Ligand SMILES: Nc1ncnc2c1ncn2[C@@H]1O[C@H](COP(=O)(O)OP(=O)(O)OP(=O)(O)O)[C@@H](O)[C@H]1O
Ligand SMILES: [Mg+2]
């Protein structure tokens, strides 16, 4: 395992209750592991413990088979971190930003110009980064976090603020890196990212991990057998729902389809968001509850 966390607890100074509590999970090599939870559920706090930004936690976290507390500064040669807010040198150009960052490492790093092109960022742009758009700055931060070719890549909401074209590009890059063996630990509210990209997801609520499984298994467990049919009756559309797990309703569905002109038929597969709501009793986009 690349990451193993067990009984992890962290309380911010002065807080009444822990931000994360009895948290446990593991991340394998080349796995994209998604951390899903509403605002304030402890996603960023967990990432900050794993990246040594927060000290003073209880429990055990091992990364690369070694207690995180015992990792020295060479730990940062092996991880890549891209958090929510771009913290770039705004007065420098993109290439100066990457060059500056690159100098921190005493290991082989990617060529900045090639790295920029990979996420559709301009090469040779003489403008300071302050004149770049928000989406471009986010992609630059992503690019920077990969320069040292990390074995473990932390991403906090990697597609937020990206247009659909660039969101697809980022999802592809994440998959590509995972296929090359990079482990990815990401938080997201984006169900396309969670569903398409994550090998496994953890559902986090109030600092606890409630479920960890593959998106597919989670959806299968919560599947239902409802079918929604739209028909045209006297030039207006009517909707009917059927539960195919009920033999009577199933027969009614067959009769209905035979006797009517059908416009559309849809099965009602749950989304990962539905599964989250049913499993945790909470919506993914629910506002933080006052503690
Ligand atoms: N610096 C801080 N000082 C005190 N409490 C904090 C601090 N940062 C976060 N918290 C609290 O810890 C809890 C977990 O916050 P965290 O930022 O980890 O949530 P999150 O899941 O990343 O949320 P979001 O989806 O909004 O990014 C929340 O109750 C939050 O108010
Ligand atoms: Mg967060």
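The values are calculated or read from the model by the stated rules, or taken from the named source; none is laboratory data. Quick caveat, the model's predicted, so the values are computed rather than measured. Reconstructed Cβ throughout: ideal geometry from the backbone, glycine too, with neighbour counts over all protein chains shown.
Of the residues making up the range 248-269, those that are under 20 Å from residue 224 (Cα atoms) and without any contact (Cβ under 8 Å) to a residue 12 or more places away in the chain are 248, 249, 250, 251, 252, 254.
In the range 11-22, the residues that are under 21 Å from residue 202 (Cα atoms) and touching a residue at least 24 places away in the same chain (Cβ under 8 Å) form Cβ pairs under 6 Å with partners that are in a loop (DSSP other than H, G, I, E, B) and away from ligand 2 (no atom under 16 Å from the Cβ), at six or more places apart or across chains, as follows: 18/11. If you filter the range 66-88 down to residues that are part of a loop (DSSP other than H, G, I, E, B) and in contact (Cβ under 8 Å) with a residue 60 or more places away in the chain, you find that the one that is nearest to ligand 2 (Cβ to nearest atom) is 84.
Scanning the range 200-212 for residues that are within 13 Å of ligand 1 (Cβ to nearest atom) and either assigned to a strand (DSSP E or B) or within 13 Å of the chain's Cα centre (by Cα) (or both) returns 202, 203, 204, 205, 208, 209.
Within the option set 111, 84, being over 18 Å from the mean Cα position of the chain (by Cα) and either assigned by TED's automatic domain parsing to the domain that holds residue 68 or at pLDDT below 95 (or both) holds for one residue only, 111. On the stretch given as the range 142-161, residues that are within 16 Å of ligand 1 (Cβ to nearest atom) and under 12 Å from residue 81 (Cβ atoms) total 4. Being in the same structural domain as residue 159 (by TED's automatic domain parsing), at pLDDT 95 or above, crowded, with 21+ Cβ neighbours inside 10 Å and within 16 Å of ligand 1 (Cβ to nearest atom) is a description that does not apply to residue 94.
Looking at the range 43-51, can you tell me whether even one residue there is surrounded by 15 or more Cβ atoms within 10 Å (Cβ to Cβ), within 16 Å of ligand 2 (Cβ to nearest atom) and either outside the structural domain of residue 155 (by TED's automatic domain parsing) or in a loop (DSSP other than H, G, I, E, B) (or both)?
Looking for residues that are surrounded by 15 or more Cβ atoms within 10 Å (Cβ to Cβ), within 16 Å of ligand 2 (Cβ to nearest atom) and either outside the structural domain of residue 155 (by TED's automatic domain parsing) or in a loop (DSSP other than H, G, I, E, B) (or both), one finds at least one in the range 43-51, hence yes.
If you go through the range 162-199 and keep only what is within 14 Å of ligand 1 (Cβ to nearest atom) and either assigned to a loop (DSSP other than H, G, I, E, B) or outside the structural domain of residue 212 (by TED's automatic domain parsing) (or both), you end up with 188, 189, 190. Count of the range 122-172 residues, restricted to those that are more than 26 Å from residue 191 (Cβ to Cβ) and crowded, with 19+ Cβ neighbours inside 10 Å, is 5. Taking the criterion of being on the phi > 0 side of the Ramachandran plot, more than 16 Å from ligand 2 (Cβ to nearest atom) and under 21 Å from the mean Cα position of the chain (by Cα), the only residue of the range 121-173 that qualifies is 149.
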